[in-house]
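> I am attaching a structure below and will ask some questions about it afterwards.
The values are calculated or read from the model by the stated rules, or taken from the named source; none is laboratory data. Everything quoted here is computed from the prediction, not taken from an experiment. Quick reminder, even Gly has a Cβ in these numbers, built from the backbone with ideal geometry, and neighbours come from all protein chains shown.
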Amino acid sequence: MAAQRVLILGAGYAGVMAANRLAGRSPAARVTVVNPAADFIERIRLHQVAARTRASAAVPLGSLLNPAVELTVDSAVRIDPARRLVHLAGSPAPLAYDALLYAVGSGHAPATPGTGDDAGCGFGVQDAPSAARLRSRLRSLAPGSTVSVVGAGLTGLELVTEIAESHRHLRLRLMTRGVVGGDLTPSGARAVRARLARLDVEVVENTDVRSCDESTLTTSAGAVLPSACTVRAAGFAVPPLAGDSGLPTDPHGRLLVDSSLACPDHPGIFGAGDAAKVAGPEGLHLRMSCASALPLGAQAADGIAAHLDGGGPSPASAGFLLRCISLGRGAGLIQPVTAGDHPRGPVLRGPLAALAKEQVCRMTVSWLRAESRRPGSFSWPRGPKAALPEHTAGVR
């Protein structure tokens, strides 16, 4: 019997987890990962790279993937679901598949209307190039220059505190259309605010940024503030590959999949991670994060294995335990949450929380490596039993 061809588009947390689980548990499957680079990028480290507290967030994929997984360094430009082919940017010959996992991840959120992408505006930390670009910009700023971070979700909090701690010669401003810590418990919000105050971060709440240039930003109320570097940290956007290929997507361009992570109208296509939207109650609470991508990648692998064997689908289930937030190298916050990602209970703060956060970051890579050696070893908390309202907290 010929090996069944499985293509995995993307080598982020979901894609690597799925590839390792499939390669080790489905001997008849020939697993190929298609990724634009030969490195896995630890997205949860990019704020450190930008602030120069870490040299790189890249991990060679060869050190993470099961030896049976083939790696194709290229970019998918179109999926042909009718012919079961994927067309690549760097090769005239498309790749054929019997099953496909769409795990292309996410990147920059769209720029604020009216902003440019010049020397002073349009920075971000959604990928390695943007983190390197911000790192270079911060290095070039004169003492006393103002850096504005727009967005006070988990990414914004981690970025502004990392820069404030490591670049004491700069002025830091955190801007949000809501309030800082609004999706934490009161004690968690107080801890975050105290840390921002200790680092002399200016906080501007209930304010939208309308535009910016290389020296200022303009709010929706018309106020013009000095800002030598404005950084967008208000969300992620996904590549348009699914929509461009005629696959069903949500309004944000994410591939629509059912509760088993399968694309109902296109047998053999599955989705996991930031670029997929799980329809139904199983997906209402999920946010873009490695905490979602890892278990969804594992369950997508199980679903693909069942599909190749002719078996039926099983509903996916993934829940949360904690929100782990670094607030510079010297402090952090560990916020317990329900399975549906609602904050609860007492928090851990300060240096101990920073150590716990660092351990969690290290564990994510360890889990991927462990899955390559012991397929099926990764486990995760199950999702909430009942449907929850759509979660609107900041993504990470």
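> Just need a number here: residues in segment 130-166 that are out of contact with any strand residue (DSSP E or B) (no Cβ under 8 Å at 6 or more places or on another chain) and at pLDDT 95 or above.
First, pick out the residues of segment 130-166 that are out of contact with any strand residue (DSSP E or B) (no Cβ under 8 Å at 6 or more places or on another chain): 131-132, 135-136, 139-140, 142-143, 153, 155, 165-166.
With the extra rule that they be at pLDDT 95 or above, the set shrinks to 131-132, 135-136, 139-140, 142-143, 165-166.
Qualifying residue count for the region: 10.
> Also, I was wondering about something else. Within segment 190-201, is there a residue that is more than 21 Å from V347 (Cβ to Cβ), surrounded by 19 or more Cβ atoms within 10 Å (Cβ to Cβ) and either touching a strand residue (DSSP E or B) at 6+ places or on another chain (Cβ under 8 Å) or not aromatic (F, W, Y) (or both)?
Step one: filter segment 190-201 for residues more than 21 Å from V347 (Cβ to Cβ), giving 200.
Now restrict to residues that are surrounded by 19 or more Cβ atoms within 10 Å (Cβ to Cβ): none.
There is no residue in segment 190-201 that is more than 21 Å from V347 (Cβ to Cβ), surrounded by 19 or more Cβ atoms within 10 Å (Cβ to Cβ) and either touching a strand residue (DSSP E or B) at 6+ places or on another chain (Cβ under 8 Å) or not aromatic (F, W, Y) (or both).
> Just give me the residues in segment 300-317 being over 14 Å from W367 (Cβ atoms) and under 23 Å from the mean Cα position of the chain (by Cα), in sequence order.
Within segment 300-317, A300, D302, G303, I304, P315, A316, S317 qualify.
Let's see how each residue does on (1) assigned to a loop (DSSP other than H, G, I, E, B); (2) surrounded by 23 or more Cβ atoms within 10 Å (Cβ to Cβ); (3) modelled with pLDDT of 95 or more:
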site: A14; (1), (2), (3): no, yes, yes
site: T32; (1), (2), (3): no, no, yes
site: L46; (1), (2), (3): no, yes, yes
site: T53; (1), (2), (3): yes, no, yes
site: T72; (1), (2), (3): no, no, yes
site: I79; (1), (2), (3): no, yes, yes
site: V86; (1), (2), (3): no, yes, yes
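> Would you check if D98 is surrounded by fewer than 17 Cβ atoms within 10 Å (Cβ to Cβ) and either in contact (Cβ under 8 Å) with a residue 24 or more places away in the chain or under 21 Å from A293 (Cβ atoms) (or both)?
Here the answer is no, as D98 does not meet what is asked.
> Which numbered condition in (1) over 24 Å from L138 (Cα atoms); (2) free of Cβ contacts under 8 Å to residues at least 24 places away in the same chain; (3) in contact with a Pro (Cβ under 9 Å, 6 or more places away or on another chain) is the only one that A194 fails?
Unmet condition: (3).
> Answer yes if at least one residue in segment 282-295 is farther than 25 Å from F236 by Cβ and of a type outside the set (F, W, Y), and no otherwise. Give the steps one after another, and end with the answer.
From segment 282-295, those farther than 25 Å from F236 by Cβ are none; that's our starting set.
No, there is no match, as no residue in segment 282-295 is farther than 25 Å from F236 by Cβ and of a type outside the set (F, W, Y).
> Related question: Which of the residues spanning segment 279-324 are touching a strand residue (DSSP E or B) at 6+ places or on another chain (Cβ under 7 Å), over 13 Å from P381 (Cα atoms) and not in a helix (DSSP H, G or I)?
A279, M288, P313, R323, C324 - these are the residues of segment 279-324 that are touching a strand residue (DSSP E or B) at 6+ places or on another chain (Cβ under 7 Å), over 13 Å from P381 (Cα atoms) and not in a helix (DSSP H, G or I).
> Just wondering, is there one or more residues in segment 364-373 that are surrounded by fewer than 22 Cβ atoms within 10 Å (Cβ to Cβ) and at pLDDT below 95?
yes
> Moving on. Go through segment 343-384 and count every residue that is in contact (Cβ under 8 Å) with a residue 40 or more places away in the chain and in a loop (DSSP other than H, G, I, E, B).
The qualifying residues number 13.
> Being modelled with pLDDT of 95 or more, touching a Ser or Thr at 6+ places or on another chain (Cβ under 6 Å) and over 23 Å from A57 (Cβ atoms) is true for just one of V337, V347. Which residue is that?
Numbers: V337 fails: touching a Ser or Thr at 6+ places or on another chain (Cβ under 6 Å).
Result: V347 is the single residue among V337, V347 that is modelled with pLDDT of 95 or more, touching a Ser or Thr at 6+ places or on another chain (Cβ under 6 Å) and over 23 Å from A57 (Cβ atoms).
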